[in-house]
Amino acid sequence: MSDKEEMALDSGLNVTLTLRLLMHGKVISRCKGETVKKMREESGARINISEGSSPERIVTITGPTEGIYRAFSMIAQKFEEDITAAMTNSNVTSKPPVTLRLVFPGSQCGSLIGKGGSKIKEIRETTGAQVQVAGDMLPDSTERAVTISGTPQAITQCVRHICSVMLESPPKGATIPYRPKVLAAGAHAVLAPQHSAQVSGQYKQFKDKSVQPQHTDH
């Protein structure tokens with residue numbers, strides 16, 4: 001991480017940031033209750049889960065940078081535990097990475113990608129995490145999906161970089177937040193990759209073809 005980024009993070013310790021995650025409702029149902037309460041208490045961040053019957057929910061994490069890092073570390077660790085538990089009931093030998101999907105203001109994606117893809121390349125190389133920025137906005141919003149995957153440690157380091165980008169390059173103009181829609185009766189959801197516990201019959205791999213690496217500066 002550059003000196004400029006470190007300064008941004010240091011000066012932003014008392015600044016409240018908000019990161020939004022898109023999660024499958026079934027994942028959230030396993031994390032609710034005592035788990036979320038513990039995450040709130042131990043991280044010091046506010047963690048709110050959107051209500052409704054849509055197949056996907058928005059998880060909003062708000063707090064100072066250190067609180068956000070702790071919250072993401074705990075979330076990633078929880079997913080890692082779920083993957084390990086799922087693997088014990090399957091014949092899969094290679095452990096899939098933890099995958100989280102952020103919902104990120106489109107006006108800040110250019111700074112996250114960097115000129116010619118330089119910034120996102122640096123984040124990948126520095127943290128060891130895979131980072132992909134969707135080329136298109138999420139429906140009826142000015143936000144894009146940013147998918148990060150790797151070990152819990154790599155994901156937490158990646159979030160540090162993302163927070164530094166948010167502090168250095170505030171969003172331009174008003175952001176229209178993405179809100180998952182409730183499915184009509186009989187409709188089928190097209191779901192994004194969530195934490196990668198797709199290692200047994202009960203887990204199904206979903207691919208979001210819009211989530212591709214972006215190499216241009218918008």
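The values are calculated or read from the model by the stated rules, or taken from the named source; none is laboratory data. What you see is a predicted model, and the numbers here were worked out from it, not measured in a lab. Cβ sites come from the backbone with ideal geometry, for glycine too, and all protein chains shown count toward neighbours.
Selection of the range 28-38 for residues being exposed (fewer than 12 other Cβ atoms within 10 Å of the Cβ) and at pLDDT 80 or above yields Glu34, Lys37.
Looking at Ala184, Ala174, just one residue is assigned to a loop (DSSP other than H, G, I, E, B), within 23 Å of Val15 (Cβ to Cβ), at pLDDT 50 or above and of a type in the set (A, V, I, L, M, F, W, C), and that residue is Ala174.
Could you count how many residues in the range 83-118 are more than 26 Å from Ile58 (Cα to Cα) and either touching a Leu at 6+ places or on another chain (Cβ under 9 Å) or not small (Gly, Ala, Ser) (or both)?
Filtering the range 83-118 down to residues more than 26 Å from Ile58 (Cα to Cα) leaves 87-95, 114-118.
Cutting the leftovers down to either touching a Leu at 6+ places or on another chain (Cβ under 9 Å) or not small (Gly, Ala, Ser) (or both) gives us 87-89, 91-93, 95, 115.
Total satisfying the criteria: 8.
Reported count of residues in the range 85-127, each being in a loop (DSSP other than H, G, I, E, B) and either surrounded by 15 or more Cβ atoms within 10 Å (Cβ to Cβ) or aliphatic (A, V, I, L, M) (or both), is 4. Listed by first and then second residue, the pairs linking a residue in the range 166-178 that is touching a residue at least 60 places away in the same chain (Cβ under 8 Å) to a residue that is among the basic types (Lys, Arg) and buried (at least 16 other Cβ atoms within 10 Å of the Cβ), with Cβ atoms under 9 Å apart and 6 or more places separating them unless they lie on different chains, are Pro177/Arg20; Tyr178/Arg20; Tyr178/Arg144. Among the criteria (1) closer than 18 Å to Glu168 by Cα; (2) touching a residue at least 12 places away in the same chain (Cβ under 8 Å); (3) surrounded by fewer than 21 Cβ atoms within 10 Å (Cβ to Cβ); (4) out of contact with any Ser or Thr (no Cβ under 6 Å at 6 or more places or on another chain), the one Thr62 does not fulfil is (4). Out of curiosity, is Ile75 within 22 Å of Ile120 (Cα to Cα), touching a Cys at 6+ places or on another chain (Cβ under 9 Å) and of a type in the set (Val, Ile, Thr)? No: the conditions fail for Ile75.
Apart from one condition, Gln153 fits all of (1) part of a loop (DSSP other than H, G, I, E, B); (2) of a type outside the set (Lys, Arg); (3) surrounded by fewer than 18 Cβ atoms within 10 Å (Cβ to Cβ); the exception is (1).
So which residues in the range 39-56 are surrounded by fewer than 19 Cβ atoms within 10 Å (Cβ to Cβ) and part of a strand (DSSP E or B)?
Just the residues of the range 39-56 that are surrounded by fewer than 19 Cβ atoms within 10 Å (Cβ to Cβ), to begin with: 40-42, 44, 46, 48-55.
Listed by number, the residues that qualify are Arg46, Asn48, Ile49.
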